[in-house]
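Q: Sharing a structure with you now.
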């Protein structure tokens with residue numbers, strides 16, 4: 001920007017030294033061109049200042065966002081899937097009573113443990129529960145899903161009986 005101001009000053013001095021003035025038509029045009037260039041240099045300086053202010057503001061936001069992400073990731077690591085060491089129920093930030101019954105389902109896509117409140121089973125409408133990490137459906141509270149769960153439970157019981165017989 002200083003280079004532009006210096007070149008504009010040289011141009012103004014050259015015009016004055018050559019005697020370019022308001023007396024001739026060409027002189028008037030050159031003087032107006034120099035005036036417009038001077039105003040453009042002022043506008044560019046203002047834009048440069050605004051840009052630098054905006055850039056520093058963006059850097060501050062980026063640093064704050066990075067700190068926030070680090071805090072969230074650190075908290076996720078500490079909470080280890082939302083279970084507290086002292087509690088046997090899911091802590092999602094709300095105060096759940098110990099009477100609230102929950103169960104977990106492992107996401108087949110990312111292996112994330114998704115905690116599901118059993119109140120969902122009692123709901124008349126069909127609801128889908130999505131994995132918060134990958135967005136895949138991990139549970140649907142419809143009859144087909146209940147049948148699959150019952151079959152899985154029967155298979156697990158049969159496997160346990162087979163294992164008991166082998167011992």
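Q: Extension gain residue 125-residue 29, at 0.36 nm per residue separation less the Cα-Cα distance, in nm?
A: Stretched fully, the residue 125-residue 29 segment lengthens by 26.7 nm.
Q: Another question about this same structure. Suppose R0 equals 41 Å; then what is the FRET efficiency for residue 104 and residue 69 from their Cβ-Cβ distance, rounded to the nearest 0.05? Intermediate values should be presented prior to the final figure.
A: Details: r = 26 Å, r/R0 = 0.63.
Step by step, r from the Cβ atoms, then E = 0.95.
Q: Measure off 7 Å from each Cα along the Cα-to-Cβ vector at residue 11 and residue 118, then give the distance between these two points in nanometres to one decimal.
A: Going from the residue 11 label point to the residue 118 one covers 8.2 nm.
Q: Expressed in nm to one decimal, what extension gain is obtained for the pair residue 44 and residue 59 from 0.36 nm per residue of sequence separation less their Cα-Cα distance?
A: 3.2 nm
Read-outs: derived from the displayed coordinates by stated rules, not from any lab. Note that this is a predicted model, so its numbers are computed, not measured. Every residue, glycine as well, gets a Cβ built from its backbone with ideal geometry; the counts of neighbours run over all protein chains shown.
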